[in-house]
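The values are calculated or read from the model by the stated rules, or taken from the named source; none is laboratory data. Only a predicted model underlies this, so the values are computations on that prediction, with no experimental measurement involved. Virtual Cβ from ideal backbone geometry, glycine too; neighbours counted across all protein chains shown.
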Amino acid sequence: MKIQQIIKNRLAETAAEHRIRDVRIGLGYTAVMLENRQTGLAGTPLRHVRSGCTVFEGMLPLKGRYASELLELITSDYPLETAIGVATANALANLPSPRQKEGDVLDLLTLSGIITGTKKP
């Protein structure tokens with residue numbers, strides 16, 4: 001079984017519970033945001049994208065669909081659809097953790113004491 005199918009199977013139940021809030025296909029990344037604002041990214045495969053104003057002509061509109069519909073795209077043969085599927089999977093897997101901390105990441109880093117000034121010369 002391919003990794004895409006394993007990911008799809010693992011996230012299928014969660015995907016059925018969420019709707020898509022927004023999808024952005026950019027020059028470097030494709031982003032999918034769920035209605036709860038969990039967001040996932042994937043690289044945009046520019047070499048495989050059609051030129052022109054409308055690079056994605058698939059199942060439009062994407063906004064408002066169930067995440068399970070976009071997760072299906074992870075196994076697509078069309079690279080841009082696959083990127084949307086991967087970004088959807090990443091959004092679904094981006095669950096808050098009880099161990100997760102909030103705030104400025106620089107306040108949380110110690111980098112062996114360099115930032116906090118505790119590193120000895």
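Consider Gln5 carefully, then state whether it is at pLDDT 90 or above, surrounded by fewer than 17 Cβ atoms within 10 Å (Cβ to Cβ) and of a type in the set (S, T, N, Q).
Details: at pLDDT 90 or above: yes; surrounded by fewer than 17 Cβ atoms within 10 Å (Cβ to Cβ): yes; of a type in the set (S, T, N, Q): yes.
Answer is yes for this residue.
Could you check the stretch 36-60 and list, in sequence order, the residues that are surrounded by 13 or more Cβ atoms within 10 Å (Cβ to Cβ) and either modelled with pLDDT of 95 or more or on the phi > 0 side of the Ramachandran plot (or both)? Once the filter is applied, which keeps residues that are surrounded by 13 or more Cβ atoms within 10 Å (Cβ to Cβ) and either modelled with pLDDT of 95 or more or on the phi > 0 side of the Ramachandran plot (or both), the stretch 36-60 yields Thr39, Gly40, Leu41, Ala42. Checking the stated criteria, Val86 turns out to be within 23 Å of Glu13 (Cβ to Cβ) and either touching a helix residue (DSSP H, G or I) at 6+ places or on another chain (Cβ under 9 Å) or at pLDDT below 90 (or both). The listed residues are Ala31, Ala67, and the only one of them that is under 14 Å from Leu92 (Cα atoms), touching a His at 6+ places or on another chain (Cβ under 8 Å), at pLDDT 95 or above and among the aliphatic types (A, V, I, L, M) turns out to be Ala67.
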